2 protein chains.
Amino acid sequence: MSLEPVLARIDADLPGATDRLLELLRIPSISTDPAYKGDCDRAADWLVADLKSIGFDAEKRPTPGHPMVVAHGDGDGPHLMFYGHYDVQPVDPMNLWNRDPFDPAVEDTAKGKVIRGRGSSDDKGQLMTFVEACRAWKAEHGTLPAKISFFFEGEEESGSPSLIPFMKDNAEELKSDIALICDTGLFGDSTPAIVTMLRGLLGEEITITGPSKDLHSGMYGGPAMNPIRILSQIIASLHDENGQITVPGFYDGVEELPPEIAAQWQALGFDHASFLGEVGLSVPAGEHDRTPLEMIWSRPTCEVNGIWGGYTGEGFKTVLPSKAHAKLSFRLVPGQDPHVIRDNFRNHIRTMVPFDCEVAFHDHGASAASKMSIENTAFEKARIALSDEWPNPAAYVGCGGSIPIAGYFKEVLGTDAMLIGFGKDDDQIHSPNEKYDLSSFHKGIRSWARILDALSK
Amino acid sequence: MSLEPVLARIDADLPGATDRLLELLRIPSISTDPAYKGDCDRAADWLVADLKSIGFDAEKRPTPGHPMVVAHGDGDGPHLMFYGHYDVQPVDPMNLWNRDPFDPAVEDTAKGKVIRGRGSSDDKGQLMTFVEACRAWKAEHGTLPAKISFFFEGEEESGSPSLIPFMKDNAEELKSDIALICDTGLFGDSTPAIVTMLRGLLGEEITITGPSKDLHSGMYGGPAMNPIRILSQIIASLHDENGQITVPGFYDGVEELPPEIAAQWQALGFDHASFLGEVGLSVPAGEHDRTPLEMIWSRPTCEVNGIWGGYTGEGFKTVLPSKAHAKLSFRLVPGQDPHVIRDNFRNHIRTMVPFDCEVAFHDHGASAASKMSIENTAFEKARIALSDEWPNPAAYVGCGGSIPIAGYFKEVLGTDAMLIGFGKDDDQIHSPNEKYDLSSFHKGIRSWARILDALSK
């Protein structure tokens, strides 16, 4: 089966592929907010119908949360399992969007055409690159070059609570020769990247209770402890003057980067100044003796993702609140055990709360970091196929984000996973005005067609 | 004109007086939230109509904000100006109310009957004690024992932006022999109190901007500065290890209490343990070498009244936010200039913000502390009248809250002000389930009847 006509068909069908993606983007499948449960279900139905239309045996599979979509094709050869997620992040603050996040469109920008809308890059646009590659291949040759399966979840943006139980319950069906995951980005604008190292994620919510009820700050201000003051002391203390995290034992087991990987990263010529400059910053905020690229790809971090307490509306209210809250997350690297870190964090916080006040913790999920097995020959085949499509040769890179599915494929199913994606740093994923370059979408589809070809040989 | 029949009429008309208060409480006159502008106007109309029904020449007077209510009676003798405010605090968090805050009712409790609802104590219930005293006097004797005026505002809970301009524009009309203000409390359950010292209030809102937009914490966590981290460092640094405020020059001009006042306060037998114990606390949070009563009545403080930033909804979102916000207030004592302290605070904060991040300030009002002129003979007359009504003799006390109107009467009109009120510490003003004891309302009305009698002689 020849690759060239498949690529030509992909080029010709780009308008159709774009329309299909826009249809999927119109479904507001926000998994973290129960109000959108029905929309998550609709997105799963849409995918099942679309995969059936290409000849896949596709099913929506229930879970205690949002459903999975599992589909199997009729091809022969190596078994390739493609993973993506159809759920998206919340859209607030709405006022910063230049259009309705769920009324997507192709927009002309100074940097070229982009598909604008929530989920365009993370992960509906990326997910559809693989679907469209299969559609083109099937349309051109009547069959696929390999045994291809799809596995889409709808809870990736809310901690994937159903994922491991589902994988365990359906292990035989989901095992494959390699899992392909499209949820990452290019390096820069034109260097395709295969991720070989992913950070883990630990999410915690803390609630500090000071007085047993909201008080008048004129009547109690001074003698009554303000929980916002305690929470601020805790957050302020989590980084030391060198930018290191102060949770006891936090760096236990964290390894330095192997010199050859460090050298390869160095050679990528990452522009640290532009990376920060694009978001209006100039001073790296993390560990003082690390470069931003090291911080993102290979160092553990701690962020406050949300904080609230007291009166936050219009005007002013002289309240001394009873409670203050924060959502925090730790990005973890290989060698760190999320459960040990959670225990250490909670014990550390408890020592900072006055004995007449209280702290409560809420668990928002934990996943360890993962390292890929690049000894699997699929990695080198894919690297060469990607290098054929793009201006620059493909690179093995790290990733600051947490895509625990890669580790789960290995741990639960014994399957190696390969992460290849076409997002860009300016895609504004998780932010207002998310976009996916039309060129990412187009060349992403072509890239998968090439990788399918390479892996089938 | 005899006092006794007036007191008897007050006792007989308590059910009617209570019904009238409930009517006023049903109007949700939240001044800080523009959504309730029409309701503030309705509350003013209600007061005008009620005062007219007692024979006052009452008018609603427009301002750039919520209207004033001004009314004049037809009596002779000394001119007494009564001040109160018809606006109320916001009601969130709604889920902590045991009834609709604007569907008030008289409830039986273990401690006796209470009037439950937003504004029942602060300040509609208190304001109506004076109106009802006048109603009874007028009904009994056909006239009032003094020349009585009313001056009600609707912006007290949102910084009184229109108050000083209105007082200046209507200075001749508003001048009187003494201003009477009912917006304070009893000392304990049965000791009437005349406030001779009030703290001032300085309100500030700060917004820290880190990155120019919300970021993905996986992609930027580590190198990009998180504004919540800066804000927490700022808040954590505002108190030192002894509980003192660290803003430079904050204590300049703050005087120690005169020994005779300190001795008088000592004699009140304030129960510090119960004061904190009632709100679930046991460790005083303020200056380590001060008692809670000193902290509240005579020491300046700093509180965070609200904080917010990042994702605060259901679930979790791994955002690294662009902005973080806090509303802070300082309670000030005589000798402190609010404008100097605002400048010092802002300059101090600016030194704590990294040069590639930004801080913006929003002014939420400033008023200096005030000390009353107890040389005015009205103070001693009122003290004796109050002592006749209540089980314990009346005391001269301080007040932790900020009622800038007292200072304005002196500064703008040259009129001494006397603060007498019947609230209790457990009234939950500014909090869910605000109440006013029916006994506070009843004996409050009787107290004003006695004071009117005393001041007219």
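Take A:GLY315 and tell me if it is assigned by TED's automatic domain parsing to the domain that holds A:ILE230, without any contact (Cβ under 8 Å) to a residue 24 or more places away in the chain and in contact with a helix residue (DSSP H, G or I) (Cβ under 7 Å, 6 or more places away or on another chain). In short, yes. Going by the conditions given, is B:ILE374 in contact with a strand residue (DSSP E or B) (Cβ under 6 Å, 6 or more places away or on another chain) and not small (Gly, Ala, Ser)? Spelling it out, B:ILE374 is indeed in contact with a strand residue (DSSP E or B) (Cβ under 6 Å, 6 or more places away or on another chain) and not small (Gly, Ala, Ser).
If I filter the range A:161-182 for residues that are within 14 Å of chain B (Cβ to nearest Cβ), in contact (Cβ under 8 Å) with a residue 12 or more places away in the chain and surrounded by fewer than 23 Cβ atoms within 10 Å (Cβ to Cβ), do I get at least one hit? Checked the range A:161-182: at least one residue is within 14 Å of chain B (Cβ to nearest Cβ), in contact (Cβ under 8 Å) with a residue 12 or more places away in the chain and surrounded by fewer than 23 Cβ atoms within 10 Å (Cβ to Cβ).
Does A:PHE150 fit the bill of being farther than 30 Å from A:ILE230 by Cα, of a type in the set (A, V, I, L, M, F, W, C) and touching a helix residue (DSSP H, G or I) at 6+ places or on another chain (Cβ under 8 Å)? Against the criterion (farther than 30 Å from A:ILE230 by Cα, of a type in the set (A, V, I, L, M, F, W, C) and touching a helix residue (DSSP H, G or I) at 6+ places or on another chain (Cβ under 8 Å)), A:PHE150 qualifies.
Consider the range B:404-425 and keep the residues that are in contact with an Asp or Glu (Cβ under 7 Å, 6 or more places away or on another chain) and open to solvent by 10 Å² or more (accessible area, probe 1.4 Å). The one that is farthest from B:LEU96 (Cα to Cα) is B:LYS410. Looking only at residues that are touching a Ser or Thr at 6+ places or on another chain (Cβ under 8 Å) and surrounded by fewer than 23 Cβ atoms within 10 Å (Cβ to Cβ) in the range B:46-69, which one is nearest to B:SER149 (Cα to Cα)? Per the criteria, the residue is B:THR63.
Within the range B:360-384, restricting attention to residues that are touching a Ser or Thr at 6+ places or on another chain (Cβ under 7 Å) and of a type in the set (A, V, I, L, M), the residue that is surrounded by the fewest Cβ atoms within 10 Å (Cβ to Cβ) is B:ALA360. Only one of A:ALA8, A:ALA49, A:ALA58, A:ALA43 is modelled with pLDDT of 95 or more, closer than 28 Å to A:SER402 by Cα and in a helix (DSSP H, G or I). Can you tell me which? Unique residue meeting the criteria: A:ALA43.
Of all the numbered requirements in (1) open to solvent by 30 Å² or more (accessible area, probe 1.4 Å); (2) more than 8 Å from chain A (Cβ to nearest Cβ), B:SER322 misses one, and that requirement is (1). Yes or no: A:LYS113 open to solvent by 30 Å² or more (accessible area, probe 1.4 Å), modelled with pLDDT of 95 or more and in contact with a Leu (Cβ under 9 Å, 6 or more places away or on another chain)? Considered against the rule, which asks whether it is open to solvent by 30 Å² or more (accessible area, probe 1.4 Å), modelled with pLDDT of 95 or more and in contact with a Leu (Cβ under 9 Å, 6 or more places away or on another chain), A:LYS113 comes out as yes. Does any residue in the range B:239-256 that is closer than 15 Å to B:GLU294 by Cβ come within less than 6 Å, Cβ to Cβ, of a residue that is open to solvent by less than 60 Å² (accessible area, probe 1.4 Å) and aliphatic (A, V, I, L, M) six or more places away or on a different chain, and which pairs are these? Cβ pairs passing all conditions: B:VAL254/B:VAL333.
Quickly run through the range A:327-347 and pick out the residues that are within 13 Å of another protein chain (Cβ to nearest Cβ) and either open to solvent by 70 Å² or more (accessible area, probe 1.4 Å) or of a type in the set (A, V, I, L, M, F, W, C) (or both).
Our first condition is that a residue be within 13 Å of another protein chain (Cβ to nearest Cβ); within the range A:327-347, this holds for A:327-333.
Residues satisfying the conditions are A:LEU328, A:PHE330, A:LEU332, A:VAL333.
Do we find that B:SER387 is over 29 Å from B:ILE115 (Cβ atoms), open to solvent by 10 Å² or more (accessible area, probe 1.4 Å) and of a type in the set (Ser, Thr, Tyr) in this structure?
Details: over 29 Å from B:ILE115 (Cβ atoms): no; open to solvent by 10 Å² or more (accessible area, probe 1.4 Å): yes; of a type in the set (Ser, Thr, Tyr): yes.
No, not satisfied.
Pairing residues of the range B:19-37 that are part of a helix (DSSP H, G or I) with residues that are among the aromatic types (Phe, Trp, Tyr) and at pLDDT 95 or above, at Cβ distances under 9 Å and at least 6 apart in sequence or on separate chains, gives B:LEU21/B:TYR436; B:LEU21/B:PHE441; B:GLU23/B:TRP46; B:LEU24/B:TRP46; B:LEU24/B:TYR86; B:LEU25/B:PHE102. Just give me the residues in the range A:297-315 being outside any strand (DSSP E or B), within 7 Å of another protein chain (Cβ to nearest Cβ) and either surrounded by 24 or more Cβ atoms within 10 Å (Cβ to Cβ) or in contact with a Cys (Cβ under 8 Å, 6 or more places away or on another chain) (or both), in sequence order. Scanning the range A:297-315 gives a single hit, A:ARG299.
Looking at the structure I just gave you, is A:LEU268 closer than 22 Å to A:LEU293 by Cα and within 12 Å of another protein chain (Cβ to nearest Cβ)? No; evaluated as a whole, the condition is false for this residue. Considering the range A:70-92, and only residues there that are β-branched (Val, Ile, Thr) and within 14 Å of another protein chain (Cβ to nearest Cβ), the residue that is most open to solvent (accessible area, probe 1.4 Å) turns out to be A:VAL91. Is it true that B:GLY38 is under 20 Å from B:ALA449 (Cα atoms), of a type outside the set (A, V, I, L, M) and in the same structural domain as B:ALA449 (by TED's automatic domain parsing)? When the stated conditions are applied, B:GLY38 does not pass them. Note on the range B:199-245: residues that are among the acidic types (Asp, Glu), more than 8 Å from every other protein chain (Cβ to nearest Cβ) and open to solvent by 10 Å² or more (accessible area, probe 1.4 Å) amount to 2.
If a residue must be open to solvent by 10 Å² or more (accessible area, probe 1.4 Å) and away from chain B (no Cβ under 14 Å), how many such residues does the range A:137-160 contain?
Of the residues in the range A:137-160, the ones open to solvent by 10 Å² or more (accessible area, probe 1.4 Å) are A:138-143, A:145, A:147, A:156-160.
Next, from what is left, pick out any that are away from chain B (no Cβ under 14 Å): A:138-143, A:145, A:147.
Going through the range A:137-160 one residue at a time, the tally reaches 8.
The values are calculated or read from the model by the stated rules, or taken from the named source; none is laboratory data. Remember, predicted model here, so these are calculated numbers, not experimental data. When we count neighbours, we look across all protein chains shown, and the Cβ atoms used for this are built from the backbone with ideal geometry, even at glycine. With ligands, DNA and RNA removed, areas are computed over all heavy atoms of the protein, side chains included. Shrake-Rupley method; radii C 1.70, N 1.55, O 1.52, S 1.80 Å.
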